[in-house]
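Notes follow the structure.
The values are calculated or read from the model by the stated rules, or taken from the named source; none is laboratory data. Note that the structure is a prediction, hence the values are computed from the model and not measured. Methodologically, a virtual Cβ is constructed for each residue, glycine included, from the backbone with ideal geometry; neighbour enumeration extends over all protein chains shown.
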Amino acid sequence: MTHNTQAPETTGRELRVRKLEVDLSTGFDRHWHGGDAFRSMYFNALSMSFPVGEQFFIDSVRENLARLPEAPEHEELRAAIQGFIGQEATHRRVHGLYNEQLEQQGLINHWQDWARRRIERSAGFHPMHRLAVTCAYEHCTAVFADGTLRYPSWFDGADERMQTVWRWHASEETEHSAVAFDLYQALGGNHAWRVRWYLFVLLTFSWEALAQTVSNLRRDGSLWRLSTVWSALRFALGRDGMLWRCTGPLMQYFRRDFHPEQPIRAPQAGEAGSQALAARWLSANADRYRVIR
Ligand SMILES: [Fe+2]
Ligand SMILES: [Fe+2]
């Protein structure tokens with residue numbers, strides 16, 4: 001990987017670490033998402049990827065932080081990285097508890113094994129490659145987080161506690177969406193590798209999300225129901241469907257002048273940006289978490 005000499009950018013936001021006051025140990029319905037098998041199993045699949053994936057993000061950011069020169073202009077970024085690590089570590093813990101319930105419900109987490117094998121294979125790569133992969137996942141996550149906070153229909157009818165888990169995670173992903181990217185830029189990461197790894201991540205993520213969802217639906221006994229297929233089609237293609245709402249924002253990452261703090265989508269009149277949506281959710285739901293740092 002060749003490095004350019006682009007000026008480093010830093011985030012000016014303070015990142016708080018919040019402990020969620022939601023108890024998942026009492027379990028939740030198999031079809032916690034409003035009785036809808038597809039939606040429940042799709043979001044369950046995403047949750048299954050988080051503990052291993054987020055540990056990888058933490059590790060890749062940490063190993064590259066060690067390569068960042070000690071300089072006053074990086075102090076803000078260093079502080080943001082500590083917040084990033086704290087937030088991702090809390091996400092891992094909560095999704096670990098969530099996934100324990102899924103295991104008790106009889107679902108099998110294949111995604112974590114696929115991810116672990118891939119991470120092992122990346123051991124000989126230059127650390128910047130792993131950081132580029134993290135940046136790519138962070139953008140996918142930020143687009144998904146924006147949808148979670150923006151379109152109430154994505155979680156209509158879902159168990160209250162699960163809505164809280166997903167929206168808390170979405171808010172923090174929005175807050176720290178620029179951190180890994182800013183580190184990549186500060187270390188001179190180039191556009192070509194950023195885009196190559198993004199393509200790889202888009203393909204891998206899409207395939208693994210599909211395969212884990214199908215596995216979950218099969219274990220759940222709801223794979224071949226008409227209602228499952230109908231729900232999947234509606235979720236992807238209906239009003240505020242994922243495909244309509246996410247494709248454009250996902251494509252923005254290919255732009256040479258892309259930065260995570262740019263609006264996820266061209267803002268419509270009177271529409272809030274992602275950061276405003278996250279701040280709004282966090283202040284309206286302050287009784288559901290405790291700030292620990
Ligand atoms: Fe996260
Ligand atoms: Fe993240």
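Yes or no, residue by residue, for (1) out of contact with any Leu (no Cβ under 9 Å at 6 or more places or on another chain); (2) part of a loop (DSSP other than H, G, I, E, B):
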{"residue": "F57", "(1), (2)": "yes, no"}
{"residue": "R62", "(1), (2)": "yes, no"}
{"residue": "L68", "(1), (2)": "no, yes"}
{"residue": "E75", "(1), (2)": "yes, no"}
{"residue": "A79", "(1), (2)": "no, no"}
{"residue": "Q82", "(1), (2)": "no, no"}
{"residue": "R92", "(1), (2)": "yes, no"}
{"residue": "G96", "(1), (2)": "yes, no"}
{"residue": "N99", "(1), (2)": "no, no"}
TODO: Can you run down the residue pairs with Cβ atoms below 8 Å, 6 or more apart or on separate chains, where the first is in segment 19-35 and acidic (D, E) and the partner is at pLDDT 95 or above and surrounded by fewer than 13 Cβ atoms within 10 Å (Cβ to Cβ)?
DONE: E21/D287; E21/R290
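Just need a number here: residues in segment 273-293 that are assigned to a loop (DSSP other than H, G, I, E, B) and closer than 19 Å to V94 by Cβ.
Of the residues in segment 273-293, the ones assigned to a loop (DSSP other than H, G, I, E, B) are 273, 285, 292-293.
Narrowing the set further to residues that are closer than 19 Å to V94 by Cβ leaves 285, 292-293.
Residues flagged as assigned to a loop (DSSP other than H, G, I, E, B) and closer than 19 Å to V94 by Cβ within segment 273-293 amount to 3.
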Open item on the list: What are the pairs with Cβ atoms under 8 angstrom where one residue, in segment 57-79, is in contact (Cβ under 8 Å) with a residue 24 or more places away in the chain and over 16 Å from F125 (Cβ atoms) and the other, located anywhere, is polar (S, T, N, Q) and surrounded by fewer than 20 Cβ atoms within 10 Å (Cβ to Cβ)? Sequence gap at least six, or different chains.
Closed with: E73/T10; H74/T10; E76/T10; L77/T10
TODO: Taking S171 as the residue in question, decide whether it is closer than 24 Å to G273 by Cβ, part of a loop (DSSP other than H, G, I, E, B) and within 16 Å of ligand 2 (Cβ to nearest atom).
DONE: no
TODO: Name the single residue, out of those in segment 219-253 being touching a Gly at 6+ places or on another chain (Cβ under 9 Å) and among the basic types (K, R), that is surrounded by the most Cβ atoms within 10 Å (Cβ to Cβ).
DONE: R245
Task: Within segment 14-42, considering residues that are of a type in the set (A, V, I, L, M, F, W, C) and farther than 19 Å from A278 by Cβ, the one farthest from ligand 1 (Cβ to nearest atom) - done: A37
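Per-residue answers, yes or no, for (1) out of contact with any His (no Cβ under 7 Å at 6 or more places or on another chain); (2) within 16 Å of ligand 1 (Cβ to nearest atom):
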residue	(1), (2)
L65	yes, no
L68	no, no
H95	yes, yes
E100	yes, no
Q104	yes, no
H110	yes, no
TODO: Being within 20 Å of the chain's Cα centre (by Cα) and of a type in the set (D, E) is the filter; apply it to segment 11-59 and report the residue that is nearest to H169 (Cα to Cα).
DONE: E54
- [ ] Mind listing just one residue for me: the one in segment 200-218 that is more than 16 Å from ligand 1 (Cβ to nearest atom) and closer than 23 Å to S274 by Cβ and, of those, surrounded by the most Cβ atoms within 10 Å (Cβ to Cβ)?
- [x] L202
TODO: Would you mind finding the one in A89, A132 that is crowded, with 19+ Cβ neighbours inside 10 Å and on the phi < 0 side of the Ramachandran plot?
DONE: A132
- [ ] Output the number of the condition that N64 fails; it satisfies all remaining conditions of (1) of a type outside the set (G, A, S); (2) more than 27 Å from Q212 (Cα to Cα); (3) more than 16 Å from ligand 2 (Cβ to nearest atom).
- [x] (3)
TODO: Inspect all residues belonging to segment 183-194 and state whether any of them is buried (at least 17 other Cβ atoms within 10 Å of the Cβ), in contact with a helix residue (DSSP H, G or I) (Cβ under 6 Å, 6 or more places away or on another chain) and closer than 15 Å to G53 by Cβ.
DONE: no
Open item on the list: Conditions first: (1) more than 16 Å from ligand 2 (Cβ to nearest atom); (2) within 14 Å of S60 (Cβ to Cβ). A186 passes all but one, so which condition is the exception?
Closed with: (2)
TODO: Spot the failing condition for T148; the list is (1) away from ligand 2 (no atom under 16 Å from the Cβ); (2) free of Cβ contacts under 8 Å to residues at least 24 places away in the same chain, and only one is missed.
DONE: (1)
Task: Given (1) assigned to a helix (DSSP H, G or I); (2) away from ligand 1 (no atom under 16 Å from the Cβ), number of the condition A142 does not satisfy - done: (2)
